[in-house]
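Peer 1: Below is one structure. I have some questions about it.
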Amino acid sequence: MDVAAKEAAITRFLNEYPRAVDAGRGHPALQGCEDVRWSEFPECPAGIPALLRALLDREAASEAERVLSNSLHNGITAMNTAVPTVLPFLLRLASDPQVPVQSELLDLLILVAGFSEPIDADNEAMVLWFGSDGDHPEREQCRAVFAQYASVVAMLAEQLDSPNDRAKLRQVAGL
C-alpha cells in the first residue's frame, strides 16, 4: 500500500470516527507523538498521531488499530521505516490495561518482533524475500527499542498465552 492509499484510509477513518482523535489527547503514553514528522519517513502517512490517540477511544479503537497496522507496513514482507519511532508509543500503550485494544497491540508487537529478526545474509531466499539487514536498518533499530524497554517487554510477554510468542517478544528485547 503506497502512502496515498494509507493517507486515504486514515481520512476515511477520521470521517467515520471524527471524535476518536481527541480520546488520547494528553495521555502520557503518547507524549511526544505530535512532535514527530511522520511524513518525512518514506511511505509513512502524517496521520499516525491521530491513529495513536484513537486507540484510546472505545468505539473506534479496533478500526484505529487496523488502519495503524496497515500504515506501518510496506507490503507483506516489510515494515515501514517509521516503526522504530512509533514502537515506544505502542509499547507504552500496550502496557496500559485501560487501552481498549491492548491484546491487539500485543499481537502487533509480536508481529514487529518477527519483522525485527535479523536476516541471515547467507540465506539467499530470505534476502530475496525480506532484503538484507543493511538495506533495512529499521530491524536493528526496533531491536534496540525493544531492548531499551526491556522491563515493559518482560511484563507484556507474561500476558501472552503462547509460549512461542512470549519467547519471541523476550528474545527481541535481549531477555
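The values are calculated or read from the model by the stated rules, or taken from the named source; none is laboratory data. Worth saying up front: this structure is predicted, and the values here are computed from it rather than measured. Because the Cβ atoms are built from the backbone with ideal geometry, glycine has one as well, and the counts that use them run over all protein chains shown. Calculation scope for accessible area: heavy atoms of the full protein, side chains included, ligands and nucleic acids excluded. Shrake-Rupley method; radii C 1.70, N 1.55, O 1.52, S 1.80 Å.
Peer 1: All but one of (1) buried (at least 18 other Cβ atoms within 10 Å of the Cβ); (2) at pLDDT below 95 hold for Asp135; which doesn't?
Peer 2: Evaluating Asp135 over (1) buried (at least 18 other Cβ atoms within 10 Å of the Cβ); (2) at pLDDT below 95 leaves (1) as the failure.
Peer 1: So, one more: Select from the range 1-22 the residues that are open to solvent by 50 Å² or more (accessible area, probe 1.4 Å) and not in a helix (DSSP H, G or I) and list them in ascending order.
Peer 2: Passing the criteria: Met1, Asp2, Pro18, Arg19.
Peer 1: Report, by residue number, each residue of the range 90-106 that is closer than 15 Å to Arg53 by Cβ and either without any contact (Cβ under 8 Å) to a residue 12 or more places away in the chain or outside any helix (DSSP H, G or I) (or both).
Peer 2: Asp96, Gln98, Val99, Pro100, Val101
Peer 1: So in the range 149-173, with the set limited to residues that are free of Cβ contacts under 8 Å to residues at least 24 places away in the same chain and in a helix (DSSP H, G or I), which one is nearest to Ser103 (Cα to Cα)?
Peer 2: The residue in question is Ala157.
Peer 1: Same structure, new question: Considering the range 150-169 alone, what residues qualify as being within 13 Å of Ser116 (Cβ to Cβ) and open to solvent by 40 Å² or more (accessible area, probe 1.4 Å)?
Peer 2: Passing the criteria: only Lys168.
Peer 1: Within the range 37-74, count every residue that is within 19 Å of Cys142 (Cβ to Cβ) and among the small types (Gly, Ala, Ser).
Peer 2: Number satisfying all stated conditions: 2.
Peer 1: Just name the residue that is modelled with the highest pLDDT out of those in the range 62-77 that are in contact with a Gly (Cβ under 9 Å, 6 or more places away or on another chain) and either over 18 Å from Ser116 (Cβ atoms) or surrounded by 18 or more Cβ atoms within 10 Å (Cβ to Cβ) (or both).
Peer 2: Going through the qualifying residues, I end up with Val67.
Peer 1: Give the range 23-49 a look and list any residue that's at pLDDT below 90 and either open to solvent by 60 Å² or more (accessible area, probe 1.4 Å) or of a type in the set (Lys, Arg) (or both), or say none.
Peer 2: Scanning the range 23-49 gives Arg25, Gly26, Ser39, Pro42, Glu43.
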